[in-house]
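Below is one structure; the comments refer to it alone.
The values are calculated or read from the model by the stated rules, or taken from the named source; none is laboratory data. Because the structure is a prediction, the values reported are computed rather than measured. Heads up, the Cβs are rebuilt from the backbone with ideal geometry, glycines too, and the neighbour counts pull from every protein chain shown.
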């Protein structure tokens, strides 16, 4: 059952001394709070950080799991906190060289808390090695290229959307994957034909429920739509919440974060490839132009606007559905079950939402994209299928126990 409290009522879980969590918070500060990366671009950055951190922690633990990139030579008494701090710091410095001063201060604070000596030097060396391997692997990976979304003027074709009418994020469609061989192998069936009943049903639903002035959307649905749409992704804090409440070890935390973040990144790459292929129009475009779609069951509303701002990318399939499906798939794989309770807070909604299972949270997310007015239901359903397919393949190929 989903329950809600205000952010002020929610009591944050106190994080124990876990360097993976500490540096995940530092990563979020660099990635979002300072660099203001979009949720899509942020997924690449988190995957880079957590992949390097995981390889470092796994190596010091004796490599009980398959490494993501490398298993550098390490000793069991090497300092894991030094390795985590170094791996995260080095890749964050590579990603955000303009933040060198703040990152260096965080790194110095982490190292100052570790006694000097051979274990500290050993941990630093391990972190340097895994960071170097990650930087080499992601060099020239296609990030932030000048790729653009195909723009059309025919009914059904995507075009830039208000308020900014921007061209952003198309480079993610051709980004080098982290694990899967070819993201193009993963395909969605495509949106329904404009003249079909399925399309009319999808458009009419979002027109009624997703409008900024909807009279049929409930206050609970409005709150959920806002909560899930927070650009400071609630999924980030959900991972830290689970690591803390389940008292995961440093190795367990590093593995969980890497599994989830890398599966999510590859799922989004495949998803964005399909967005570029189908280049379908967003509700904010389709509803005002519904008198051009050739469907007698749809009706134009030139003044219609969505509850939440539409992302500057093609509509189908839903990127958030792909992403959150990959997150929940990774967590289900890690914990071995679905009935995991958790909560997280959103600054945008000012509330904390609580869930009793991963599937419960995902089901709400799929609806919340419709309530927000930014997606049709068929885009979220097909995004869920795509995200699950990619995530399962990533997790079948990586992060498993060594024989």
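Listing for the model above:
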item: Every residue from region 32-76 that is farther than 23 Å from residue 124 by Cα, in contact with a helix residue (DSSP H, G or I) (Cβ under 8 Å, 6 or more places away or on another chain) and in contact (Cβ under 8 Å) with a residue 60 or more places away in the chain; result: 32, 34, 35, 39, 40, 41, 42, 43, 44
item: Failed item, numbered, when residue 25 is tested on (1) under 20 Å from residue 253 (Cα atoms); (2) surrounded by fewer than 24 Cβ atoms within 10 Å (Cβ to Cβ); (3) touching a helix residue (DSSP H, G or I) at 6+ places or on another chain (Cβ under 7 Å); (4) at pLDDT 95 or above; result: (3)
item: Checking residue 377 against (1) touching a helix residue (DSSP H, G or I) at 6+ places or on another chain (Cβ under 9 Å); (2) under 30 Å from residue 59 (Cα atoms), the condition it does not meet; result: (2)
item: Test: residue in region 100-115 that is touching a residue at least 24 places away in the same chain (Cβ under 8 Å), within 27 Å of residue 275 (Cβ to Cβ), touching a helix residue (DSSP H, G or I) at 6+ places or on another chain (Cβ under 8 Å) and outside any helix (DSSP H, G or I); result: no
item: One residue from 344, 264 being touching a helix residue (DSSP H, G or I) at 6+ places or on another chain (Cβ under 6 Å) and under 27 Å from residue 130 (Cα atoms); result: 264
item: Boolean, residue 150 is in a loop (DSSP other than H, G, I, E, B) and closer than 30 Å to residue 352 by Cα; result: no
item: Members of region 206-225 found to be surrounded by fewer than 17 Cβ atoms within 10 Å (Cβ to Cβ), part of a helix (DSSP H, G or I) and in contact (Cβ under 8 Å) with a residue 24 or more places away in the chain, listed by number; result: 220
item: Residue check for residue 159: in contact with a strand residue (DSSP E or B) (Cβ under 8 Å, 6 or more places away or on another chain), crowded, with 16+ Cβ neighbours inside 10 Å and either in a loop (DSSP other than H, G, I, E, B) or touching a residue at least 40 places away in the same chain (Cβ under 8 Å) (or both); result: no
item: Residue list for region 170-193, filter: within 16 Å of residue 314 (Cα to Cα) and either part of a loop (DSSP other than H, G, I, E, B) or in contact (Cβ under 8 Å) with a residue 40 or more places away in the chain (or both); result: 170, 172, 173, 174, 187, 188, 189, 190, 191, 192
